[in-house]
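To keep things clear, I will list the structure first and then write my remarks on it.
The values are calculated or read from the model by the stated rules, or taken from the named source; none is laboratory data. Worth saying up front: this structure is predicted, and the values here are computed from it rather than measured. Glycine gets a Cβ as well: all are built from the backbone with ideal geometry, and neighbour counts include every protein chain shown.
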Amino acid sequence: MSVLAEVFREPTLAGVARELATLAAPLWLAALVGLLIGWAWRPRWAAAVVDVAGNNHHEPVAAAAAPATVADHFAIVPRAKPASVAPVTEEEELAVSTPDLMHLRRVVEEKDGGPAWTHMMDRTLQTFRYQAWKREPQNGPPQYRSSTIFEDASPDVVRDFFWDDDFRISNTWDDMLLEHDTLEECTKTGTMVVRWVRKFPFFCSDREYVIGRRIWASGKTYYCVTK
């Protein structure tokens, strides 16, 4: 308070503004340093994305809706190369189960009864488009929903990439992923439990995640569920 009192004792407005700018300089410097660190530590894939907000000539591509209305019409998608871990076969013991699939489908088709989604982002490359939405339920934290469209990739390629952690690391596509391990895998359903260690800026410790994931198929439409 004494510092502010000294500032306002300046005889002119220019003097007050000069003193306030001097006091605020460290805050602006800290904000600039934080911005530079955040930009330097962004994922490698994000560096190439350009903003085309306001460009409306590119119509959104809707995902093909599954023709079935019950989970029995979805086929499970086991991995081609199962990991050497103890199998888990009972549905009730799986990390990702049928109710998770049905919940995801309702959210994707905007039929879950929640509040409306607010469009937040629209970014694109020549063969790639990313959109994001947000909503805030009355009870619970904010929710986010995104759409990623690859114009030059088949559904099968994207499906295989979904659980190819070796590629994420070896090809440095995801340069924030430091370690990955498969903890559990069901050879019948393809359900997996994996462990990730992700890199964060130097002032934050690396973070560990345990992730369950599973894929269902309906024709050429794949539902990849992660939780």
### Query
Do we have any residue at all in region 64-81 that's within 16 Å of the chain's Cα centre (by Cα) and either at pLDDT below 60 or in the same structural domain as Glu179 (by TED's automatic domain parsing) (or both)?
no
### Query
Out of all the residues in region 173-219, which are in contact with a helix residue (DSSP H, G or I) (Cβ under 7 Å, 6 or more places away or on another chain) and over 25 Å from Pro155 (Cβ atoms)?
Asp175, Pro201
### Task
Check whether at least one residue in region 105-114 is at pLDDT 85 or above and under 30 Å from Pro201 (Cβ atoms), and report yes or no.
no
### Summary
region 144-227: strands (runs of 3 or more DSSP E) wholly inside it with 2 or more residues that are crowded, with 16+ Cβ neighbours inside 10 Å and among the basic types (Lys, Arg) are 207-218
### Task
Scan region 156-163 and give yes if some residue there is among the aliphatic types (A, V, I, L, M), touching a residue at least 24 places away in the same chain (Cβ under 8 Å), touching a Gly at 6+ places or on another chain (Cβ under 6 Å) and assigned by TED's automatic domain parsing to the domain that holds Ala95, otherwise no.
no
### Message
Can you go through Trp173, Trp163 and tell me which one is under 26 Å from Pro99 (Cβ atoms), modelled with pLDDT under 85 and not basic (Lys, Arg)?
### Response
Trp163
#### Entry: Tally, over region 120-134, of residues that are basic (Lys, Arg) and either out of contact with any strand residue (DSSP E or B) (no Cβ under 8 Å at 6 or more places or on another chain) or surrounded by fewer than 15 Cβ atoms within 10 Å (Cβ to Cβ) (or both)
1
